[in-house]
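K.L.:
I have a structure I would like to understand better, so I am pasting it below and will then ask my questions one at a time.
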Amino acid sequence: MRLLLMALIIAMAAGLAYAILSLPAESAGLSVYTTENIAISGVTNPVTAVLLNYRAYDTFLELGVLLLALLGVWSLGSTATASQRPSAPGPVLDNLARVLVPILIVVAGYLFWAGAYIPGGAFQAGAVLGAAGVLLILAGWRINHRLVGLPLRISLVLGLVVFAVVGTLFMLTDRQFLEFPPQYAGVLILLIEGLATLSIGIALAALFLGADPEEDDN
């Protein structure tokens, strides 16, 4: 088994090396096409146009990978013993969390909203929101037991599910999966990014926490 895994890793590394070495020394890439079609993308930031419109399936799959990573961590269960449980936070960390968490939430909201015009978007905003969650966890905050079950799971999959539903609905109008009509692209991207920001932030904080909060609650 070890030899088989080693062979697979070497083959993958060789394929990646070949792909990189085969790239042209200079290439304009798709920047010309991105600029030419920015008016129908629903946003004015070319990065967001690529991630949420031109190649939206990449972002869709990234949300799925993040969710699968969390499910993998939860499947391992809780391994912490009573002696390994975090101690009560000191006054410095407690006060720092009270000051920084509201600021981080505002920054996350700004990054989400500004992503249509300047660098930002769901993953950047979700990362900042996740950092706020991590700080709360370090300060001793835990999810209310009424929210650790179905509400938590709904918030985790909400971004991915809405992404899939929106992308699939337009297939009924003879469009491709995740091909947004130009007149609705801006609103749909805003909706998807908003829910994706929430799901990403919660997933990152949950990854830091480790075990399923419902398991710890029991």
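K.L.:
For the pair residue 138 and residue 117, how long in nm is the line joining their label points, each one 7 Å along Cα→Cβ?
P.N.:
It works out to 3.3 nm between the two label points.
K.L.:
Grab the beta carbon distance between residue 38 and residue 168, set R0 = 22 Å, and tell me the FRET efficiency rounded to 0.05.
P.N.:
The calculated FRET efficiency here is 0.30.
K.L.:
When 44, 34 are ordered from fewest to most other Cβ atoms inside 10 Å of their Cβ, what list results?
P.N.:
44, 34
K.L.:
Is the stretch 1-67 best put as rounded, prolate or oblate by its Cα gyration tensor, with a ≥ b ≥ c the root eigenvalues, rounded for a/c under 1.5, and otherwise prolate when a/b is larger than b/c, oblate when not?
P.N.:
Taking the square roots of the gyration eigenvalues as a ≥ b ≥ c, the stretch 1-67 is oblate.
K.L.:
When the dipole is taken about the Cα centre of the stretch 31-217, and only Lys, Arg (+1) and Asp, Glu (-1) are charged at their Cβ, what size is it in debye, to the nearest 20?
P.N.:
Once rounded to the nearest 20, the dipole reads 300 debye.
K.L.:
Still on this structure, I have one more. Using a 7 Å offset from the Cα along the Cα-to-Cβ direction at both residue 177 and residue 98, what is the distance between the two label points in nm, to one decimal?
P.N.:
That separation, rounded to one decimal, is 5.0 nm.
K.L.:
Quick check: pseudo-label points 7 Å beyond the Cα along Cα→Cβ at residue 20 and residue 106, how many nm apart are they?
P.N.:
4.2 nm
K.L.:
When only C-alpha pairs under 8 Å and at least 6 residues apart count, what is the relative contact order of the stretch 31-217, in percent?
P.N.:
34 percent
K.L.:
Using packing as a proxy for protection, rank 91-98, 129-136 so that the peptide with the highest average count of other Cβ atoms within 10 Å comes first.
P.N.:
Top to bottom by mean Cβ count within 10 Å: 129-136, 91-98.
K.L.:
Here's a follow-up. Would you be so kind as to identify all helices of the chain, as entire DSSP H runs, whose Cα atoms reach 24 Å or more along the helix's own axis and whose mean Kyte-Doolittle hydropathy is at least 0.0?
P.N.:
2-21, 56-75, 91-114, 150-169, 182-209
Values quoted throughout were computed directly from the atomic coordinates according to the rules given, and no laboratory measurement underlies them. Owing to the predicted nature of the structure, the values given are computational and were not obtained by experimental measurement. Positions of Cβ are backbone-derived with ideal geometry, glycine not excepted, and every protein chain shown enters the neighbour counts.
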